[in-house]
Amino acid sequence: MALLASLRRVKTENVLVTVALATKWLEGNTHNRPVRDSRVHQYANDMKEGRWGVSHQGIAFAEDGTLLDGQHRLWAILEAKVPIEMMVTTGLPMDAQKYIDEGLPRSVVDVMKLDGQENISAYRAAVARRMLIGTRTQVILSRQEQIDFIHQHEKAINFVVDEVFQGKKKSRVMPAPVGATLARAYYHEDRDRLKEFGQILLGDMPKGPDDSGAHLLCQWLMANAPEHGQRISREVLIYMKSQRAILAFCKREHIRTLYLMKDEQYPLATEARRSLKTRSDLGKQRKAK
């Protein structure tokens, strides 16, 4: 009986949460975990870009008015400066908070499959994520940003997985950073030549005089991609060496070593070419002044 009485006090309704309303609710926020700025920024980006939809997850208050859930969503509304429709639940018992967020978050693959897109896989999603990040080392991406990117570059990703790598699974020679570099090169290089690059990595094509880039990358990957004291993540290291290998291969350039190509060699149409300035570059600029 006590449980039924408690449930009768719980109400949920769809509310347009404005900046003023979010501010008011946050003023009384005394019962939540520390705010994670990265999560707020992800949510705010989605809100500003129109990627935020209504679901059962929204804002929750206890029966005494204490905010139990949704502080990151409220802070995101303040950052985005846009009103957002959300489900708002009131009247929950105070101990409800310990049961909130206990479920396993859905991944990009989970969400896309729920939407009927059966072609998506963990590998395709990983290629897309690295393709989106490129040479950058730390990027905070929301799940919806990644899904939108996959839709935008679906042809390039499918080309790599289905044609360059022929749908095969040889994890040592086709980690996500290699696939990501090939997917970016899809927009810049001869695609038949990129397929030949894949054939060499898969061991399906004999060694030729103009193919040293692919063979050097394959040998390095088969040796478990040794880092030799590099102070960057393994993913970025593979991505930068893959750039050098693919560029040399497509130019039919004979090379002896694979150095790191730190500048983005295959920029997407939506981004400016990124360049890392070295000390020597800065010195030249000072002299020019």
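Read-outs: derived from the displayed coordinates by stated rules, not from any lab. Just so it is clear, the structure is predicted and the values come from calculations on it, not from any experiment. Here the Cβ positions follow ideal geometry from the backbone for every residue, glycine too, while neighbour counts run over all protein chains shown.
What to note about this one:
- Cα gyration tensor category, rounded, prolate or oblate, for the range 213-274 with a/c compared to 1.5: oblate
- Structural descriptor for the range 74-147: relative contact order 25 percent, calculated from alpha carbon pairs under 8 angstrom and at least 6 residues apart.
- Packing order of peptides 146-154, 10-18, highest average first: 146-154, 10-18 (average count of other Cβ atoms within 10 Å over each peptide's residues).
- Using a cut-off of 28 Å between Cα atoms, the listed pairs K24/K113; K48/K113; K48/K170; K113/K207 include K24/K113; K48/K170; K113/K207 as exceeding that distance.
- F61 long-range amide H proximity, modeled H, under 5 Å: L68, T89, T90, G91, L92
- The range 2-99, dipole about Cα centre (Lys/Arg Cβ +1, Asp/Glu Cβ -1), debye to the nearest 20: 80
- Computing log10 I(q)/I(0) by the Debye sum over Cα atoms at q = 0.12, 0.13, 0.16 Å⁻¹ for the structure here picks out one of [x] -0.87, -0.94, -1.18; [y] -0.94, -1.04, -1.27; [z] -0.79, -0.91, -1.33, namely [x].
- Across the range 115-128, coupling constants 3J(HN,Hα) worked out from phi with the 6.51/-1.76/1.60 Karplus curve, θ = phi - 60°, read 8, x, 9, 6, 6, 6, 9, 4, 5, 4, 5, 5, 4, 5 Hz, and Gly and Pro carry x.
- For the range 45-165, the square roots of the Cα gyration tensor eigenvalues, ordered a ≥ b ≥ c, give a/c of at least 1.5 with a/b greater than b/c, which places it in the prolate category.
- Between the Cα long axis of helix 143-152 and the first principal axis of the chain there is an angle of about 40°, rounded to the nearest 10.
- With helices as the sole contributors, the chain gives -13500 deg cm²/dmol at 222 nm; each DSSP H run of n ≥ 4 counts as -39500 (n - 2.57), and the sum is divided by every residue.
- Relative contact order, whole percent, for the chain stands at 14, derived from Cα pairs under 8 Å and 6 or more residues apart.
- Summary of packing: across the peptides 165-175, 191-201, the per-residue average of other C-beta atoms within 10 Å ranks them, highest first, as 191-201, 165-175.
- Cβ-based charge dipole, the range 108-267, positive-most Cα from A176, M240, L114: M240
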